[in-house]
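As structure tokens, the structure follows; a few thoughts come after it.
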Amino acid sequence: GIWQVRDTASANIEGHPAGNGIAASKSIVVDPPDGKIPYTPAALAERQTNYRARATSDPSLKCYQAGVPRATYLPAPLQILQSPGNFAIVYQENHAFRVFQPEGRPHFDNADWWMGDTRYRWDGDTLVADVAALTDQVWLDGAGNFHSTEVHIVERYRMTSVDTIEYEAKIDD
């Protein structure tokens with residue numbers, strides 16, 4: 001089906017006040033409990049540099065693919081396609097797409113793709129996607145939050161009703 005997020009996490013996953021036509025939002029970061037990404041001092045300085053230059057430096061504004069997990073919570077439609085043994089998501093934003101490979105195949109080594117390399121499995125009624133091989137050029141949001149090429153993301157997609165999907169992404173970097 002075709003889906004679209006109904007929040008403003010794409011502006012800043014750590015939460016943000018209202019401004020420039022975007023509603024205020026609390027942090028979607030749940031661990032740590034303070035809702036802040038636990039950056040090292042050097043990484044925090046880089047994020048602050050990104051934030052100051054966000055109007056011109058955000059890779060998504062330059063028509064690069066949004067990356068994972070950002071592409072999923074952009075305010076633009078996405079389409080989930082599934083058939084036996086196949087799973088893909090097509091994003092309207094910057095014509096990005098992801099083909100999910102069945103779990104069991106190893107991730108590609110030393111790749112740095114904008115949408116990463118995804119393996120998937122089903123855990124009951126939840127699709128669990130394991131993502132690696134992401135470039136460090138993508139941002140997690142429009143505020144300049146970022147990750148390194150060592151990032152590992154585990155996504156969980158679960159339908160909670162006929163018109164709602166619960167989405168969770170655990171990011172280890």
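The values are calculated or read from the model by the stated rules, or taken from the named source; none is laboratory data. Everything numeric in this text was worked out from a predicted model, so none of it was measured. Positions of Cβ are generated from backbone atoms using ideal geometry, with glycine treated the same way; all protein chains shown enter the neighbour counts. Surface areas here come from the heavy atoms of the whole protein model, side chains and all, with no ligands, DNA or RNA. Shrake-Rupley method; radii C 1.70, N 1.55, O 1.52, S 1.80 Å.
For volume of the Cα convex hull per residue in Å³, the candidate list reads (i) 126; (ii) 154; (iii) 173; the entry that matches the value derived from this model is (i). Computed log10 I(q)/I(0) for the range 54-156 at 0.24 Å⁻¹: -1.40, from the Debye equation with unit scatterers placed on every C-alpha and solvent omitted. Per residue of the chain, the DSSP helices (runs of n ≥ 4 H) give a summed -39500 (n - 2.57) that works out to -2500 deg cm²/dmol at 222 nm.
Of all DSSP bridge pairs formed entirely within the range 1-134, close to 85 percent run antiparallel. Seen against the Cα atoms of the chain and their longest principal axis, helix 41-52 is set at about 80 degrees. For the listed peptides 5-12, 138-145, 113-120, a ranking on the average number of other beta carbons within 10 Å per residue, highest first, reads 138-145, 113-120, 5-12. Over the chain, Cα pairs under 8 Å with separation of 6+ residues give a relative contact order of 20 percent. With θ taken as phi - 60° and the Karplus curve 6.51 cos²θ - 1.76 cosθ + 1.60 applied, the whole-hertz 3J(HN,Hα) list for the range 119-133 is 10, 9, 7, 9, 10, x, 9, 10, 7, 10, 10, 9, 10, 9, 6 Hz, x standing for glycine and proline. Add +1 for every Lys or Arg and -1 for every Asp or Glu among the other residues with Cβ under 14 Å from the Cβ of Ile37, and state the total. Counting the neighbours of Ile37, the net charge comes to -3. On full extension, the segment bounded by Arg156 and His107 gains 15.8 nm, given 0.36 nm per residue less the C-alpha separation.
The residues of the range 17-88 expose on average 64 square angstrom of accessible surface per residue, using a 1.4 Å probe on protein heavy atoms. The amide H of Met159, built 1.01 Å from its N in the peptide plane, has Glu166 as neighbours under 5 Å, considering only residues 5 or more places off or on other chains.
Only the Cβ atoms of Lys and Arg (+1) and of Asp and Glu (-1) were treated as charged; on that basis the dipole of the chain about its Cα centre amounts to roughly 400 debye. In this structure the amide hydrogen of Gln101, modeled in the peptide plane, comes within under 5 Å of the amide hydrogens of Thr118, Arg119, Tyr120, none closer than 5 places in sequence on its chain.
Per-residue packing, averaged as other Cβ atoms within 10 Å, sorts the ranges 66-72, 99-105, 20-26 into the order 66-72, 99-105, 20-26, beginning with the highest.
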